[in-house]
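Just below is one structure, and these are the notes that go with it.
The values are calculated or read from the model by the stated rules, or taken from the named source; none is laboratory data. Bear in mind the structure is a predicted one, so any value in this text is a computation, not a measurement. Note that we place each Cβ from the backbone using ideal geometry, even for glycine, and neighbour counts take in every protein chain shown. The accessibility values were calculated without ligands, DNA or RNA, using every heavy atom of the protein model including side chains. Shrake-Rupley method; radii C 1.70, N 1.55, O 1.52, S 1.80 Å.
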Amino acid sequence: MLLQYPNPEGLKDPIKDSTYVKNGAFKFKGKLFKDVEQAILILSEPNENVDLSEYWKYYERDLQYIMLENDSFQLSGPTIKQAHITGGKVQADFNLLNEQLKPWKERMQLLSQESLKLSRSGQEKAAEALWPKMKPITAEIEQIENNFRISHPDSFVSLYLIDMKGGIDHPDFESQFNALSPRVQNSDLGKKWIPHGKQPKLLLPATRHWTLPK
């Protein structure tokens with residue numbers, strides 16, 4: 001089992017922690033030096049070199065994104081991809097967003113897999129013919145994410161949505177960032193953008209420990 005997350009030193013290659021799955025259970029334990037960090041749980045073979053840049057294998061992998069914070073997390077389900085993750089306020093918000101996105105992402109996955117299959121078999125025009133079907137799904141996903149961000153200004157997930165969509169390069173960055181709560185703006189990720197938005201009152205983050213048992 002791999003737990004992959006961005007390198008805290010800002011280096012290109014991510015950190016990959018690993019542990020063994022025994023009798024259907026696994027455990028990670030450690031300390032997070034940021035308020036929140038998005039990570040990926042990936043079920044892999046021992047010593048397997050998992051490269052997520054191999055996009056054609058993405059849907060084949062048993063993985064799921066998780067919002068780490070200094071708290072305990074529990075996973076339950078037949079696979080990592082199907083597991084329900086609980087623990088932590090940020091993860092609860094992330095679960096809520098994912099539940100709203102689920103039917104649309106499932107539709108997008110079917111089309112993406114079919115397009116990829118056609119493209120890899122040399123049928124580029126047939127693959128491109130599926131793109132118009134993806135556009136309304138993409139628009140619906142974006143609308144759901146925007147609605148979530150607007151209705152959850154005190155959620156770290158809203159900040160990650162802004163970051164994911166380009167951060168300061170997004171034309172609406174300033175208004176979106178300034179709509180967030182001071183607590184979220186003052187997070188580790190938020191402080192990176194403060195010079196580009198308004199200057200909120202600084203808050204000192206607490207130090208906690210997190211574990212990821214099952």
- Item | Stretchable slack from Ser119 to Ile141, in nm (0.36 nm times residue separation minus alpha-carbon distance) | 5.5 nm
- Rounded, prolate or oblate: which one fits the chain, using the alpha carbon gyration tensor with axes a ≥ b ≥ c (rounded when a/c is under 1.5, else prolate when a/b beats b/c, else oblate)? oblate
- Query: How many percent of the accessible area of the chain is carbon or sulfur, using a 1.4 Å probe?
  - Reply: 53 percent
- Relative contact order as a percentage, the chain, C-alpha pairs under 8 Å and 6+ apart, gives 23 percent
- Task: Please give the residues of the range 112-156, grouped as numeric ranges, whose backbone N is less than 17 Å from a label point set 7 Å along the Cα-to-Cβ vector of Lys192.
- Result: 156
- Item | Value of [θ]222 nm, deg cm²/dmol, for the chain, DSSP H segments ≥ 4, -39500 (n - 2.57) each, nearest 500 | -12000 deg cm²/dmol
- Task: Can you tell me the FRET efficiency between Phe33 and Met164 if r is taken as the Cβ-Cβ distance and R0 is 22 Å, rounded to the nearest 0.05?
- Result: 0.55
- Query: So for the pair Glu128, Asp13, with labels modelled 7 Å out along Cα→Cβ, what separation do we get in nm?
  - Reply: 3.8 nm
- Message: Strictly over 18 Å apart at the Cα level, which of Lys34/Lys102; Lys102/Lys125; Lys34/Lys89; Lys57/Lys165; Lys57/Lys117; Lys12/Lys105 would you flag in this model?
- Response: Lys34/Lys102; Lys102/Lys125; Lys57/Lys165; Lys12/Lys105
- With DSSP loop assignment and no more than 16 other C-beta atoms within 10 Å, the GluC sites (Glu not before Pro) in the range 5-58 are Glu9, Glu48, Glu54
- Task: In whole Hz, with x marking every Gly and Pro, tabulate ³J(HN,Hα) for the range 123-131 from phi via Karplus 6.51 cos²θ - 1.76 cosθ + 1.60, θ = phi - 60°.
- Result: 9, 4, 5, 5, 5, 5, 5, 7, 4
- Just in the range 55-97: which trypsin sites (Lys or Arg not before Pro) are loop by DSSP and have at most 14 other Cβ atoms within 10 Å? Lys81
- Task: Would you work out which of Leu111, Tyr65, Gly30 lies farthest towards the positive end of the dipole of the chain? Charges go on Cβ: Lys and Arg +1, Asp and Glu -1.
- Result: Gly30
- Of the chymotrypsin sites (Phe, Trp or Tyr not before Pro) in the range 14-89, which ones lie in a loop per DSSP and count no more than 16 other C-beta atoms within 10 Å? Tyr20, Phe33
- Task: Rank these residues by their accessible area, most exposed first, probe 1.4 Å: Arg149, Arg120, Arg107.
- Result: Arg120, Arg107, Arg149
- Distance from the range 136-159 to the range 2-42 (C-alpha centre basis), Å: 25 Å
- Message: Quick one: 3J(HN,Hα) in Hz for the range 32-37, Karplus 6.51/-1.76/1.60 with θ = phi - 60°, rounded, Gly and Pro as x.
- Response: 9, 9, 10, 4, 8, 9
- Task: Please list the non-local residues whose amide H lies under 5 Å from the amide H of Ser72, H modeled 1.01 Å from N, same-chain partners needing a gap of 5 or more.
- Result: Thr211
- Item | Point-to-point label distance, Ala25-Arg107, nm (Cα→Cβ direction, 7 Å offset) | 4.2 nm
- Quote to one decimal, in nm, the extra length available between Glu54 and Asn178 on full extension: 0.36 nm per residue of separation minus the C-alpha distance between them. 41.0 nm
- Query: Taking H as built 1.01 Å from N, whose amide H comes closer than 5 Å to the amide H of Lys81, not counting residues under 5 places away?
  - Reply: Leu63
